[in-house]
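I have placed the structure first, in the form of structure tokens, so that the comments after it can refer back to it.
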Amino acid sequence: MSKQEQHWEKTRNLLFITLAIWFIFSIGIFLFGAEMQESSIRPFGYPLTYWFTCQGSLAIFVILIFWFAGRQEKIDDEFGFTEREGDQ
Amino acid sequence: MIKGKFIDNLPKVYGIYTGGFLVFIIIMAIAEQAGMTAKMIGIFFVSFTVLIYALIGWLSRTLQTDAYYVAGRQVPTVFNGMATAADWMSGASFVAMAGGIYFKGYGYMALLVGWTGGYVLVASLLAPYLRKFGCYTVPDFIGTRYGGNLARFSAVIVLTVASFTYVTAQINATGTIASVALDIPFEIAVYVGLASILMCSMLGGMRAVTWTQVAQYIVLIIAYLLPVFWISNNIGAGFFPHFMLADEVARIAELEGQFGFVKNSAADLATVPKGLSAITKAHSSVNATPWAFISLAICMMAGTASLPHVMMRYFTTPSVRTARRSVGWSLFFIFLLYSSAPMLATLSKISLMDPNLATGIIGKSITEVQALDWYQNWNQAKLMFVSDFNGNGTLELNEFFMKGSAVVLATPEIAGLPYVISGLVAAGGMAAAMSTADGLVLAISNALSHDVYYKIINPKAETAKRLIVARVLLVLIGFAGATIAALEIQGILGSVIWAFDFAMSGLFFPLVLGVWWKRANAPGAVAGMLLGLISGTAYLIWVRSGGSGFLGITQLTFGIVGAAVSLVSMIVVSLITAAPDAATQKMVDDVRVPSGKTILGKQH
């Protein structure tokens, strides 16, 4: 496998992990909206589903993007594909 | 005049700007104490901020194509995040979203999840790759990746349909705010809004829009957060509302049980002015089916990743790495406002509903409410209405009507804050609507001038001529948008949601597969764009004209139909036609690594 193919395989795996986390917090948990709302877990006292829609999921997306960006930068560094001055 | 050194001094420049704006607010507050009228305060706030944006627009004027189309590709990560946040948060986010949540509760909170979750798709699937491509516009990517004018032109069609639907809503929002704040008729206010929008974008294109959007973000975030914190402290709900409103949320549920949701008869509703509604849905309970919630969130997420005015903001960063990080910053700045919207809806509702608060009106006598100053103002603007349907003399929950867009604008007054805050909120709403309208008008006119005029009609046109064409188109599109906005066909939130569905129907899969599936070719992409857009539109028309729809897909989520058709037709057509040539495959390989030259040259 060429260097570029390896790089792409790692990039693709990172994408799958990122999208899996994204799926859980944007779609997955809301399949159980009514059940979660009744849960005794109440972040800051808010009902659980309500909290996820107005803060929880949103904050997780922010963190997820920065985490993703950091991991992708590591992958690019590992294969020497990071941009250099004057590339653009 | 504003190059080079300006970029290095950004934090200082915008720091001074923010300080200046805060001083302006304080001066206005003092003026109010000294007896300045509410009307004058509103006029000062809106016109002062708009003039500042126009000044920035004029200072950023340019005669170079890469400055006009992509701000010279030198916008730093965090500032691009702010500009994107302003570009993104429109009149719908600022003015209408809290109102939607206020009336519909959980069902509309899908918008919060959808309009943030979409950025994960932007960061992981598209933005860094399109930045590496080095395109000026989104159709530029489609046209070069798939090859051929037909693909490029199809992308322009989808872009225009989606962005134009969106921009009419934004001009409508600027018109609504200008008409309330400046006290002029809506039909005229729409053109005042348009003139302000054009002043920011015409001379400097993307460069001017970038620097005004940063300025607009600062105004709109101060204008949104200040009242939320103030009201929360005022009614003793907690000094940091985001973590402390649980009791108020529970109290609203209790009051809702006490007042009950009475359904108004059709005859009674006929007396209510058009577009106004009463609270009919519970505030915090799960009152929508999982599919209704999820399908709306899916449409908003896929739409986010396909809307060209957002994507083109990531063409302006200096590198692929900064483009990726910039998406994170964008979402962070958006998060600051979005996490506050449900808090604002909560505070607004508790202020109106709780009889223990001085501001509560539900349960008071109708004549007492009708005598309130703020009620009279907003009633005159046709944004509020009460009527004693059951004839018992007191105001019931189902007898108080408000327009969705009035919730944010009127809450400071309802909660008894000084008028200076209302003026600030009007300026914030204006900033939000203007910044998005700027981005959209520019996206459309850039696609028409770069992709249709320069790439298809007249490839030999020289720079000066290209930029003149771009500006003429900008003005024409602005006027067309304002004319349609003046007709008020659909509410602000409704047309914005449609725009996402249109974009998702036609562009989501052609963009994503362009990077992630090498086998995708031109006929497949054209089929995906056109069939997706046509089937989505057909479904919308069918449902609007009384069709029953299927799978619970409504007129707000028709993008699911369009995108599904788009995906299937793109794969099928790609597979039955020839694979892309070696040069195209090589191009896709190059897009996938950050290092090396951009696919398209610096100037093209």
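All of the numbers you see were taken from the coordinates with simple rules; none came from a lab. As the structure is a computational prediction, the values presented were derived from the model and not from experiment. Note that we place each Cβ from the backbone using ideal geometry, even for glycine, and neighbour counts take in every protein chain shown.
In straight-distance terms, cross-link reach from B:K597 covers every one of the aspartates and glutamates whose alpha-carbon lies under 14 Å from its own, apart from those fewer than eight places away in the same chain; here that gives A:E83, A:E85, A:D87, B:D589. Each residue in A:E73, B:E396 was given a count of other beta-carbon atoms within 10 angstrom of its own, and listing them fewest first yields A:E73, B:E396. With 27 Å as the limit, the listed pairs B:K263/B:K382; A:K74/B:K12; B:K263/B:K403 have A:K74/B:K12 beyond it between alpha carbons. Computed from the C-beta positions of B:L182 and A:M1 and an R0 of 51 Å, the FRET efficiency is 0.20 to the nearest 0.05.
Of all stretches in chain B that contain no chymotrypsin sites (Phe, Trp or Tyr not before Pro) in a DSSP loop with at most 12 other Cβ atoms within 10 Å, the longest one is B:240-549. When all alpha carbon pairs of the protein assembly as shown are counted in 20 Å bins from zero, the resulting P(r) reads 19, 54, 25, 3, 0 %. Once each part is reduced to its C-alpha centroid, what is the distance from the range B:425-494 to the range B:188-247 in angstrom? Rounded to whole Å, the Cα centres lie 22 Å apart.
Each Lys and Arg contributes +1 and each Asp and Glu -1, all at the Cβ; summed about the Cα centre of the range A:16-78, the dipole is approximately 220 debye.
On a 0 to 90 degree scale, rounded to 10, what angle separates helix B:320-338 from the longest Cα axis of chain B? Roughly 10 degrees between the two axes.
Computed from the Cβ-Cβ distance with R0 of 30 Å, the FRET efficiency linking B:S365 to B:E254 stands at 0.85.
Listed by chain and number, the aspartates and glutamates whose C-alpha is less than 14 Å from the C-alpha of A:K10, apart from same-chain residues fewer than 8 away, are A:E73, A:D76, A:D77, A:E78.
Label-to-label distance, B:V568 versus B:S548, with points set 7 angstrom from Cα along the beta-carbon direction: 2.0 nm. Here chain B is assigned +1 on the Cβ of each Lys and Arg and -1 on the Cβ of each Asp and Glu. Its dipole about the Cα centre then comes out at about 2480 debye.
At R0 = 51 Å, how high is the FRET efficiency between B:V472 and B:N392 if r is their beta carbon distance? Nearest 0.05 is fine.
The formula returns an efficiency of 0.25 here.
Quick one: angle between helix A:3-26 and the longest Cα principal axis of chain A, in degrees between 0 and 90, rounded to 10, please. Orientation of helix A:3-26: about 10 degrees from the principal axis. Under 19 Å of direct C-alpha separation, and excluding same-chain neighbours fewer than eight residues apart, B:K455 reaches these lysines: B:K465, B:K602. One decimal place: the segment B:W516-B:A578 gains 20.5 nm when fully extended, by the rule 0.36 nm per residue minus the C-alpha distance.
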